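The values are calculated or read from the model by the stated rules, or taken from the named source; none is laboratory data. Being a predicted model, the structure only gives us computed values, none of them experimental. As a convention, Cβ positions derive from the backbone with ideal geometry for all residues, glycine included, and neighbour counts pool all protein chains shown. Calculation scope for accessible area: heavy atoms of the full protein, side chains included, ligands and nucleic acids excluded. Shrake-Rupley method; radii C 1.70, N 1.55, O 1.52, S 1.80 Å.
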Amino acid sequence: LGWCEDAVVSPTQTGQVMKKIQTILAVAAATVALIPVAAFSATATSTLGVSATVLTSCIVVTTPVAFGNYDPTSATATNNTGTVVVTCTSGAPYNVLLDQGAATGATVTTRKMKDTGTNLLPYTLYSDAARTVNWGKTIATDTVTGTGSGVIQTHTVYGSIPAGAAIPAGVYTDTVNVTVNY
């Protein structure tokens, strides 16, 4: 264009400059229009890894063996039941152990409830309804086994107080620790 600030531009020159600008813009627009729009004709693939670790776990809940009233003069044993409810991860093998309870001198074969003093009332806990299989705490000997299914599994505890226990009247209690070994 070659003009400077001091130069006087004629209307003809202004028209020529405008035409040049219009031509440059038209060529630029035509060039942009000729650029092809990208077509998606190829793909790239990969994989996304997904993982989780399922832990082996168990939950145990109990309901008590509540014998109710015991008559020491009766010729028959007093029986009742409680439950041990186990929920373990599906496929997890487990053992349910019952300890001897809290009374001094108790064993897993002869547990003892205690009154508020020193008096003891013997009782036993079994894993079968016939009350012949003692439920204790030695794995592979006297525990109850199972395999987790992911849902609750109920195991009945069969309790028995032998007939004819010579003990004073009162309220007798015990606490047996339940352990699920998995």
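Things to note:
- Figure legend: label point modelled 7 angstrom from the Cα of VAL61 along Cα→Cβ; residues of segment 161-181 with amide N under 20 Å from it are 176-181.
- If R0 is taken as 41 Å, the Cβ-Cβ distance between ASN79 and VAL50 corresponds to a FRET efficiency of 0.15.
- For VAL144, the amide hydrogen comes within under 5 Å of the amide hydrogens of VAL96, counting only partners 5 or more places away or on other chains and with H modelled in the peptide plane.
- Given charges at beta-carbon only (K, R positive; D, E negative), |dipole| of segment 54-175 in Debye: 80 debye
- A crude spin-label estimate for the pair ALA165 and ASN177, with each label 7 Å from Cα along the Cβ direction, gives 2.2 nm.
- Amide H partners (placed H, <5 Å) of VAL157, local residues excluded: GLY82, THR83, VAL84
- Percent accessible area from carbon and sulfur atoms, segment 59-115, protein chains only, probe 1.4 Å: 57 percent
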